[in-house]
Amino acid sequence: MRRGSLILAFAWLVALVATLGSLYYSEVRLFLPCELCWYQRIFMYPQAVVLGLALWRQDLSVWPYSLALSLIGGSLSGLHLLEQKFPDLFTLACKPPVPCSVEYIPQFPIPLQALIAFALIALSMGFLAREVRRAGQRG
C-alpha cells in the first residue's frame, strides 16, 4: 500500500473511532451532548464517511476538505475545553439543559478526546498534501 493510502487509512480510522466513540457516550453511557458537542459532531461525523469513500476510491485529493473540517472542529474543541476549565468565560456558549461546562470524564475530558482526534486528522491531511505534491512533481 502506498504511503498516501496509509495516511488516508489512518485518518479514516481516527474519524471512525471518534464517531463511534461519541455515539457510545450518548447512546450507551447516556451522556447528554451539550451544544458545543453537537457542533463538534457536525465536523467529525462526515469525515468518517468522506475519508472512508476517499480511501475506497484511492482519492488523495480529499485532503483540503478534511483539513478544513478538522481545523474548524478542533477550534470548537479548544473552545469547549476553555468553557470547561473557565465556565464564566463564555456565558453564551451553551444553553440548558446541558451546559458546556459539564465534565462527564474529568480525567480525560471528551472535548480533549475530540481535539486529539481533530489534530491527528489535520496532521494526517498535512502529510497527505505533501504526498500529493510529491507525486505531482514526479509525474
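The values are calculated or read from the model by the stated rules, or taken from the named source; none is laboratory data. On a predicted model such as this, the values are computed, not experimentally measured, just so you know. Backbone-built Cβ (ideal geometry, glycine too); neighbour counts: all protein chains shown. Note: accessible area is taken over every heavy atom of the protein model, side chains too, but ligands, DNA and RNA are not part of it. Shrake-Rupley method; radii C 1.70, N 1.55, O 1.52, S 1.80 Å.
A few points about this structure:
- Number of residues in the range 1-14 that are open to solvent by 70 Å² or more (accessible area, probe 1.4 Å) and modelled with pLDDT of 95 or more equals 4.
- Criterion applied to 17, 62, 98 was being open to solvent by 70 Å² or more (accessible area, probe 1.4 Å) and not basic (Lys, Arg), and the one residue passing it is 17.
- Among the residues of the range 82-93, those that are open to solvent by less than 30 Å² (accessible area, probe 1.4 Å) and in a helix (DSSP H, G or I) comprise 83, 84.
Let's see how each residue does on (1) in a helix (DSSP H, G or I); (2) in contact with a Cys (Cβ under 9 Å, 6 or more places away or on another chain); (3) free of Cβ contacts under 8 Å to residues at least 60 places away in the same chain:
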{"position": "9", "(1), (2), (3)": "yes, no, yes"}
{"position": "23", "(1), (2), (3)": "yes, no, yes"}
{"position": "31", "(1), (2), (3)": "no, yes, no"}
{"position": "48", "(1), (2), (3)": "yes, no, yes"}
{"position": "70", "(1), (2), (3)": "yes, no, yes"}
{"position": "77", "(1), (2), (3)": "yes, no, yes"}
{"position": "80", "(1), (2), (3)": "yes, yes, yes"}
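- If you go through the range 28-44 and keep only what is farther than 15 Å from residue 96 by Cα and either open to solvent by less than 30 Å² (accessible area, probe 1.4 Å) or under 16 Å from the mean Cα position of the chain (by Cα) (or both), you end up with 39, 40, 41, 42, 43, 44.
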